[in-house]
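For reference, the structure discussed in these notes is given below.
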Amino acid sequence: MSKNPFSNMGNLLKQAQAMQEKMGKIQEEAATKTVEASAGGGMVTVEANGAMQLTKLTIDPEVLKSGDHDMLQDLIVAASNEALRKAKELMAEEMKSLTGGMGIPGMF
C-alpha cells in the first residue's frame, strides 16, 4: 500500500511554519543587538540595531565648531552606511543558525 502523498505535504507545511516562527524569533532577538560605526576618526559615530534601524548618532562638538556642513553631512552618511552594513552582517550571522550556514538567496 502506498503512502498518502498529502501526508508529506502536511509535514513540509509544518516544517515551513516552524522555520518561519524561528526566523521571527531570530529577527526579534537581532533587533535588540546593536553595532557601531564611526567616520572621520570618530568625529561621527552611528549605532544601528539588527532590525536595520539607526538608534544613536553622536557628533563630536569640534566638528560643529568647524562650520563645515558638507564634511559633517559626508561623515554622517559614511558612518550610517557602515553601521547599516554591520547590522546586515549581524543579521546574516544570526540567520546562519536557521539555515545551517547555507546561503539562501533573499535571506539577508
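The values are calculated or read from the model by the stated rules, or taken from the named source; none is laboratory data. On a predicted model such as this, the values are computed, not experimentally measured, just so you know. Here the Cβ positions follow ideal geometry from the backbone for every residue, glycine too, while neighbour counts run over all protein chains shown. Note: areas computed on protein heavy atoms with side chains; ligands, DNA, RNA excluded. Shrake-Rupley method; radii C 1.70, N 1.55, O 1.52, S 1.80 Å.
A probe of 1.4 angstrom, applied to the heavy atoms of all protein chains, finds K25 with accessible area near 130 square angstrom.
Local charge for K14 was computed over the other residues whose Cβ lies under 15 Å away, with Lys and Arg +1 and Asp and Glu -1, and equals 0.
Seen against the Cα atoms of the chain and their longest principal axis, helix 5-31 is set at about 20 degrees. The largest accessible area among E47, E89 belongs to the first residue in E89, E47, and the rest follow in falling order (1.4 Å probe, all chains).
Magnitude of the charge dipole for the chain, about its Cα centre and with charges confined to Cβ atoms of Lys, Arg (+1) and Asp, Glu (-1), is about 840 debye.
Compute and list, largest first, the equivalent-ellipsoid semi-axes of region 51-94 from the alpha carbon gyration tensor, each √(5λ) rounded to a whole angstrom.
27, 9, 6
Model label sites at R85 and K56, defined 7 Å from Cα along the beta-carbon direction, differ in position by 2.2 nm. Take the Kirkwood radius over Cα pairs of region 18-72, plug it into Stokes-Einstein at 20 °C and 1.002 mPa s, and you get 164 µm²/s for translational diffusion. Over all other residues within a Cβ to Cβ distance under 13 Å of V63, the charged ones net out to -4, with Lys and Arg as +1 and Asp and Glu as -1. Calculated FRET efficiency, Q27 and A78, Cβ-Cβ r, R0 22 Å, to nearest 0.05? E(calc), rounded to 0.05, equals 0.25.
Other residues lying with their Cβ under 14 Å from the Cβ of A87 contribute a combined charge of -2, Lys and Arg counting +1, Asp and Glu -1. Given that compact globular proteins tend to follow 2.2 N^0.38 Å, what is the ratio of the alpha-carbon Rg of the chain to that value? For the chain, the normalised Cα radius of gyration comes out at 1.61. Ranking A31, G67, G41 by Cα position along the charge dipole of the chain, where only Lys, Arg, Asp and Glu carry charges on their C-beta atoms, puts A31 farthest toward the positive end. Of all lysines in the structure, those lying under 30 Å Cα to Cα from K96, and not within fewer than 8 positions of it along the same chain, are K14, K22, K25, K33, K56, K86, K88.
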